[in-house]
Every structure is written in structure tokens, then in C-alpha cells.
Amino acid sequence: MPDNVHFYRPDDGHGLPHNPFNAIIGPRPIGWISSQSADGIRNLAPYSFFNAFNYTPPIIGFASVGYKDSVRNIEATGEFCWQLSTRELAEPMNQSCAAVDADVDEFTLAGLTPAASRVVSVPHVAEARVVFECRLSQLVQLTSAAGDAVDTWLVLGEVVGVHIDQTLLKDGVYQTADAGPILRGGGPADYFEITPEQRFEMYRPG
């Protein structure tokens with residue numbers, strides 16, 4: 001192996017000041033998830049393991065390291081919302097990440113407005129420029145290659161309602177960069193913003 005390659009086996013540790021895994025798989029979209037307990041207590045939390053997984057029906061998913069309030073609420077009610085994290089909402093999004101008791105409303109904690117959703121009973125962030133209302137399709141506890149259970153839970157949801165700020169639509173086409181979406185990077189505090197200057201076009205062959 002070349003001398004200029006850092007190789008490690010995760011079981012043995014990475015031997016670096018900070019685990020590079022998150023930085024390599026990145027920047028990553030943020031799963032800013034609102035949920036609600038069976039008793040009606042609102043919850044809002046960001047997850048950096050998030051993405052879209054299917055077109056028809058549209059399915060998104062996030063992974064929670066630990067069986068946290070979001071997972072508990074979604075398993076109980078079968079519903080959640082995803083809100084787009086943008087530069088203007090970066091600070092409130094970060095505030096909603098605070099480790100607080102289950103009875104604390106992160107909407108209030110972060111100074112955000114809960115808005116009634118149209119299809120699901122879970123409220124969403126009124127200030128968000130894009131929102132997906134979702135119904136739980138699968139809840140999967142991850143396992144290692146050896147089949148050992150991992151304390152990480154993959155939540156997959158079918159998108160049953162979509163809210164888009166109309167200013168983000170030009171001639172009917174959604175303008176990704178105009179919303180100023182932010183993405184999670186590596187290190188303890190790295191984020192990135194998508195701007196129009198970073199855009200380039202590349203069409204599929206054939």
C-alpha cells in the first residue's frame with residue numbers, strides 16, 4: 001500500500017484527532033425532524049444521517065444513534081415532518097439539537113412557530129421554506145455485518161404532503177440553491193451552504 005494512504009480498520013480505531021467517517025460522507029443533508037408524542041408533546045431535532053431513498057412513492061429516511069424521542073414518537077404515532085434547514089434557520093436548527101428532557105418543546109426552545117400540517121397531525125416549522133409531511137413506512141434497527149444489533153434506528157417515511165415556498169419555483173422548476181440549504185460536514189462544527197455559484201450542469205450519457 002502507498003505510504004501516502006492512511007488506512008485503518010474501524011474496529012481498531014482511526015488514530016486521528018477526529019473520526020473522518022462523517023467528513024468523508026459529506027456534506028450531508030440535514031434531517032430536521034418534527035414529531036409529536038402520543039400525549040401531544042411536540043419534538044424537533046436535527047439528524048445528520050439523512051437522505052431521500054425513493055421516487056415513487058417518495059420516501060425519505062434518517063438514522064438516530066440511540067432510541068431517542070423522535071424515534072419513540074414516530075413509532076407511537078406513525079407520523080413526522082421534515083423541514084429544510086437553510087442558512088437563515090441555522091441557529092434555530094442548532095438550538096433544537098439541545099439535549100433536553102422529553103417534555104421540553106424544542107419549537108419554543110428554538111423560538112420557532114409550530115404550524116398545523118395538512119395531512120398528518122404532527123406540526124411543522126412555519127418558518128421553513130420547504131416541508132415534507134410523512135407517514136412511517138419502516139422502522140429498522142441496524143445490525144453489524146456479523147448480525148449483532150446496533151443501537152441505531154433507521155426511520156423511513158413516505159412523503160404524503162409537500163410545502164414549497166413559491167419564490168423557490170421558477171417556471172415550475174425548484175431552484176435548489178435559492179433556498180440557501182445548509183449541509184453537515186466533518187469535524188465538530190462544520191457546515192456548508194449551497195449557493196448558485198457552485199452550480200454546474202452535467203447530463204447523463206445516452
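The values are calculated or read from the model by the stated rules, or taken from the named source; none is laboratory data. Here the structure is a predicted model, which is why all the values come from computation and not from measurement. Heads up, the Cβs are rebuilt from the backbone with ideal geometry, glycines too, and the neighbour counts pull from every protein chain shown.
Among the candidates Gly206, Gly147, Gly187, Gly161, which residue alone is assigned to a strand (DSSP E or B) and either in contact with a His (Cβ under 7 Å, 6 or more places away or on another chain) or more than 21 Å from Ile25 (Cα to Cα) (or both)?
Numbers: Gly206 fails: assigned to a strand (DSSP E or B); Gly147 fails: assigned to a strand (DSSP E or B); Gly187 fails: assigned to a strand (DSSP E or B).
Sole residue among the options that is assigned to a strand (DSSP E or B) and either in contact with a His (Cβ under 7 Å, 6 or more places away or on another chain) or more than 21 Å from Ile25 (Cα to Cα) (or both): Gly161.
Taking the stretch 62-85, which residues are buried (at least 21 other Cβ atoms within 10 Å of the Cβ) and not in a helix (DSSP H, G or I)?
Passing the criteria: Phe62, Ser64, Glu79, Phe80, Cys81, Trp82, Gln83, Leu84, Ser85.
Taking the stretch 86-99 as the search range and keeping residues that are closer than 18 Å to Ile41 by Cβ and surrounded by 14 or more Cβ atoms within 10 Å (Cβ to Cβ), which one is farthest from the chain's Cα centre (by Cα)? Before the answer, list the steps.
Taking the stretch 86-99 and keeping what is closer than 18 Å to Ile41 by Cβ, we get 95-99.
Of the ones still in play, those that are also surrounded by 14 or more Cβ atoms within 10 Å (Cβ to Cβ) are 95-97.
Details: Gln95: 15, Ser96: 13, Cys97: 12 Å.
Selected residue: Gln95.
Need at least 1 residues that are basic (Lys, Arg) and surrounded by 13 or more Cβ atoms within 10 Å (Cβ to Cβ) per element, so show me which strands (runs of 3 or more DSSP E) inside the stretch 1-57 make the cut, counting only ones lying wholly within it.
Result: 42-47.
If you check Gly111, Gly161, Gly147, Gly185, which single one turns out to be modelled with pLDDT of 95 or more and surrounded by 14 or more Cβ atoms within 10 Å (Cβ to Cβ)? It would help to see each step written out before you state the result.
Details: Gly111 fails: surrounded by 14 or more Cβ atoms within 10 Å (Cβ to Cβ); Gly147 fails: surrounded by 14 or more Cβ atoms within 10 Å (Cβ to Cβ); Gly185 fails: modelled with pLDDT of 95 or more.
Matching residue, one of Gly111, Gly161, Gly147, Gly185: Gly161.
Considering Ser64, Ser37, Ser70, which residue is within 21 Å of Arg118 (Cα to Cα) and under 15 Å from the mean Cα position of the chain (by Cα)? Full working, then the answer.
Values: Ser64 fails: within 21 Å of Arg118 (Cα to Cα); Ser37 fails: under 15 Å from the mean Cα position of the chain (by Cα).
Within the list Ser64, Ser37, Ser70, the selection yields Ser70.
Identify all residues within the stretch 115-144 that are among the charged types (D, E, K, R) and assigned to a loop (DSSP other than H, G, I, E, B); write none if there are none. Spell out the reasoning first.
Here is the first cut: in the stretch 115-144, the ones among the charged types (D, E, K, R) are 118, 127, 129, 133, 135.
Once the filter is applied, which keeps residues that are among the charged types (D, E, K, R) and assigned to a loop (DSSP other than H, G, I, E, B), the stretch 115-144 yields Arg118, Glu127, Arg129.
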